[in-house]
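Report on one structure; see the data block that follows.
Computed from the coordinates by the stated procedures, all read-outs in this text should not be read as laboratory data. Quick caveat, the model's predicted, so the values are computed rather than measured. Backbone-built Cβ (ideal geometry, glycine too); neighbour counts: all protein chains shown.
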Amino acid sequence: MTGLGGIFFKAKDPKSMAQWYTRHLGLDIENSMVLFSWRGGTEGKVQGHTVWSIFPADTKYFGDDGASFMVNYRVKDLDAVLASLQRERVSIVPERQDSEHGRFAWVTDPEGNRIELWEPPKTYQAPETATTME
């Protein structure tokens, strides 16, 4: 098995949250789920998939430990994305970070989940080999 299997979180109003993520982050959400397909490894020969899904707040699939999560979205032009989100009145965290690993900013969705936006450095190259989990 390779790659990350899924990103899952609870929402008080899954339908509304799906609409928010579609409108502001361009996710093509169907039945509260998105399937990302990607390639990695040497010469891009390894194929993988990651599921992103919203569950109702009363789901029994999550434990009751109240664990939080962070979702990271890779963007090509952080300034353009932030300007677009600001015009849409999305809650943007004032903090920004520039580092050797790229540029980072954060937004908050309507239910208070913090989302990291990451613009890789210009010199970024995808790893040659995929992470393998067995």
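Descriptive notes on the structure:
- Arg114 paired with Lys15, simple spin-label distance in nm, labels 7 Å along Cα-to-beta-carbon: 3.2 nm
- FRET efficiency for the pair Asp58 and Arg96, taken as 1/(1 + (r/R0)^6) with r the Cβ-Cβ distance and R0 = 35 Å, rounds to 0.45.
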